[in-house]
Amino acid sequence: MNLLYISISGNTRSFLKRLQSFAEEQKRVNTNAVTFTLKEIDDNCLFESELEPFIAFVPTYLEGGNGVDNGTQEILTETLREYIEFENNASRCLGVVGSGNKNFNRQYCLTAKQYAQQFDVPMLEDFELRGTSADIERIYAILSELRDNS
Ligand SMILES: Cc1cc2nc3c(=O)[nH]c(=O)nc-3n(C[C@H](O)[C@H](O)[C@H](O)COP(=O)(O)O)c2cc1C
């Protein structure tokens, strides 16, 4: 399963590397276990047409507004949005997983919610900062189920 992400300060990258290691451990006891291929999107990457389905992992960076009754401006992560908008990539996106910080209250994980709306895909899950072991197990289970049902 392909997991696309952007990570400005490294939290999402750390989470995904740990998720990938967790999946590799599961694979040792269950040959049918899901495996993950990670692809980091950044400002220097070449845009490509995604040929396989993917899940997008989206941290939240917003400036201004409260995300509810006045506007917020996405900053730093727009390259991921543009990558998903590129050619037919949005049609291959199965869903988004958001990350953020609950100190931002109602803006928590708002960018992932906005992507879900824009690309008409489910927001599958969320986690805070680098995520806990429980987050890894929970998100692993959800992605495994998605793989089994698709
Ligand atoms: C300038 C700035 C703005 C942020 N805005 C939000 C926000 O609106 N909502 C939220 O849930 N988290 C917000 N965060 C927290 C980040 O989403 C969080 O630290 C995340 O783990 C960063 O992921 P990364 O290290 O992979 O880039 C913000 C962080 C910074 C530095």
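Structural remarks
- Residue list for the range 126-139, restricted to those being surrounded by 19 or more Cβ atoms within 10 Å (Cβ to Cβ) and not in a strand (DSSP E or B): Gly131, Asp135, Ile136, Ile139
- Qualifying residue in the range 89-97 (condition: on the phi < 0 side of the Ramachandran plot and exposed (fewer than 13 other Cβ atoms within 10 Å of the Cβ)): yes
- Test: residue in the range 8-30 that is assigned to a loop (DSSP other than H, G, I, E, B) and hydroxyl-bearing (Ser, Thr, Tyr): yes
- Search result, residues across the range 128-150 that are in contact with a strand residue (DSSP E or B) (Cβ under 8 Å, 6 or more places away or on another chain) and under 16 Å from Val34 (Cβ atoms): Arg138, Ile139, Ile142, Leu143, Leu146, Ser150
- Identity of the residue in the range 31-51, under 20 Å from Arg81 (Cβ atoms) and in contact with a helix residue (DSSP H, G or I) (Cβ under 7 Å, 6 or more places away or on another chain), that ends up least open to solvent (accessible area, probe 1.4 Å): Ile41
- Looking across the range 96-114 at every residue that is more than 15 Å from the chain's Cα centre (by Cα) and within 6 Å of the ligand (Cβ to nearest atom), the one that is nearest to Glu74 (Cα to Cα) is identified as Gln107.
- Residue under evaluation Ile8, criteria (1) at pLDDT 95 or above; (2) open to solvent by less than 50 Å² (accessible area, probe 1.4 Å); (3) within 13 Å of the ligand (Cβ to nearest atom); (4) β-branched (Val, Ile, Thr), criterion not met: (2)
- Residue in the range 16-34 that is away from the ligand (no atom under 12 Å from the Cβ) and over 20 Å from Ser144 (Cβ atoms) present: no
- Residue pairs whose Cβ atoms lie under 6 Å apart, sitting 6 or more positions apart in sequence or on different chains, and linking a residue in the range 1-23 that is closer than 12 Å to Val58 by Cα to a partner that is basic (Lys, Arg), are Leu4/Lys39; Ser7/Arg13; Asn11/Arg130; Phe15/Arg130.
The values are calculated or read from the model by the stated rules, or taken from the named source; none is laboratory data. Predicted, not measured: the structure shown is a model, and the values here were computed from it. For neighbour counting, all protein chains shown are included, and Cβ atoms are generated from backbone atoms with ideal geometry for every residue, glycine included. Note: areas computed on protein heavy atoms with side chains; ligands, DNA, RNA excluded. Shrake-Rupley method; radii C 1.70, N 1.55, O 1.52, S 1.80 Å.
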